[in-house]
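Asks: A single structure is presented below for examination.
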Amino acid sequence: MKIFNYLNNTISEKGAAYLILIDPDKSSGESLAEFVRHCEVSGVDGFLAGGSLMTTNILDDVIKTIKRNSSLPVILFPGSESQITSSADAIFFISLISGRNAEYLIGKHVLAAPLVKQTGIEPISTGYMLIESGKQTTAEYMSGSSPIPRNKPEIATATALAGEYLGMKCVYLEGGSGAENSVPNEMVKMVTSSVSVPVIVGGGIRDSRTAREKVENGAKIIITGNYFEDKNKWNLIKEFADAVHFKNPIEI
């Protein structure tokens, strides 16, 4: 099954999909194997792998470890064209539509496209939008672009619509790794009520209630990342997954 179809089927069945982002610089070996096994039994729907900045060259090994220990799909979340490997199932082919840096709108993509074609992994065109989160994030710094102000949902909505009209299969509202604040619910609601493609929300989601609020306001895919780098929090993964799977009647 195509990964994009898998995501849409998961959304139809569960109300929304829950993915966990794995930073190869911070996750490897037996700890990673144990983590992904725990994620699968806890109700996680898939993994992202990659990041804005990678200082090691172990992405391929990390993805192979994930796939040896889980049946869930692995989607590349690349910060550059160097983060492409045939070990993954798909790639979020990201265009930074919230910025005005041509390299991240189309430049890097020209370099990456032949590699994606060569590997045969499924590209999922994604309109990526950085949202002000309370502090400068790695994604902002590395891309050289300013985020959309968090009190300007109308700008986010117009940008998301432009992405959809340009043919993006989904739109990603990103607070950024380690964000102080998650994407505002008002913004999520305005964007999701205006576009017809799935809206992904990530960054600054540190509890299950916040995750549920994003889904209640229309988000279809929720992503968490560095929050679960602390093993002491792994016991909360199922709580997050249940909160995201909006069709499940739970109390949080």
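Computed from the coordinates by the stated procedures, all read-outs in this text should not be read as laboratory data. These numbers were taken from a predicted model, which means no experiment stands behind them. Positions of Cβ are generated from backbone atoms using ideal geometry, with glycine treated the same way; all protein chains shown enter the neighbour counts.
Asks: Within 10 Å of each residue's Cβ, count the other Cβ atoms and sort Phe35, Phe4, Phe93, Phe240 from fewest upward.
Replies: Sorted ascending by nearby Cβ count, the order is Phe4, Phe93, Phe35, Phe240.
Asks: If r is the Cβ-Cβ distance from Met142 to Asn5 and R0 is 41 Å, what FRET efficiency results, to the nearest 0.05?
Replies: Working from the Cβ atoms, E equals 0.85.
Asks: So for the pair Ala102, Lys26, with labels modelled 7 Å out along Cα→Cβ, what separation do we get in nm?
Replies: Spacing of the two 7 Å Cα→Cβ label points: 3.5 nm.
Asks: Show that you can apply the helix-only estimate: for the chain, add -39,500 (n - 2.57) for every DSSP H stretch of four or more residues, divide by all residues, and state [θ] at 222 nm to the nearest 500.
Replies: Rounded to the nearest 500, it is -11000 deg cm²/dmol.
Asks: Under a 10 Å cutoff between Cα atoms, tell me which one of Ala112, Ala102, Ala139 has the largest fluctuation in the Gaussian network model of the chain.
Replies: Ala102
Asks: Going by a ≥ b ≥ c, the root eigenvalues of the Cα gyration tensor, does the chain fall in the rounded group (a/c under 1.5), the prolate group (a/b larger than b/c) or the oblate group? Numbers along the way, then the final one.
Replies: Numbers: a/c = 1.38, a/b = 1.05, b/c = 1.32.
Since a/c stays below 1.5, the shape of the chain is classed as rounded.
Asks: I've got another one for you. Summing +1 for each Lys or Arg and -1 for each Asp or Glu, what net charge is found among the other residues whose Cβ lies under 15 Å from the Cβ of Val110? Each step should come with its number before you reach the end.
Replies: Values: positive: Lys108, Lys117; negative: Glu81, Glu103.
With Lys, Arg at +1 and Asp, Glu at -1, the neighbours total 0.
Asks: List the lysines whose alpha-carbon lies under 18 Å from that of Lys67, not counting same-chain residues fewer than 8 positions away?
Replies: The qualifying lysines are Lys2, Lys26.
Asks: So which GluC sites (Glu not before Pro) in the range 17-94 end up in coil per DSSP with only 16 or fewer other C-beta atoms within 10 Å?
Replies: Qualifying residues, ordered by number: Glu81.
Asks: Mind sorting Asp45, Asp207 by how few other Cβ atoms lie within 10 Å of their own Cβ, fewest first?
Replies: Fewest-to-most ranking of Asp45, Asp207: Asp207, Asp45.
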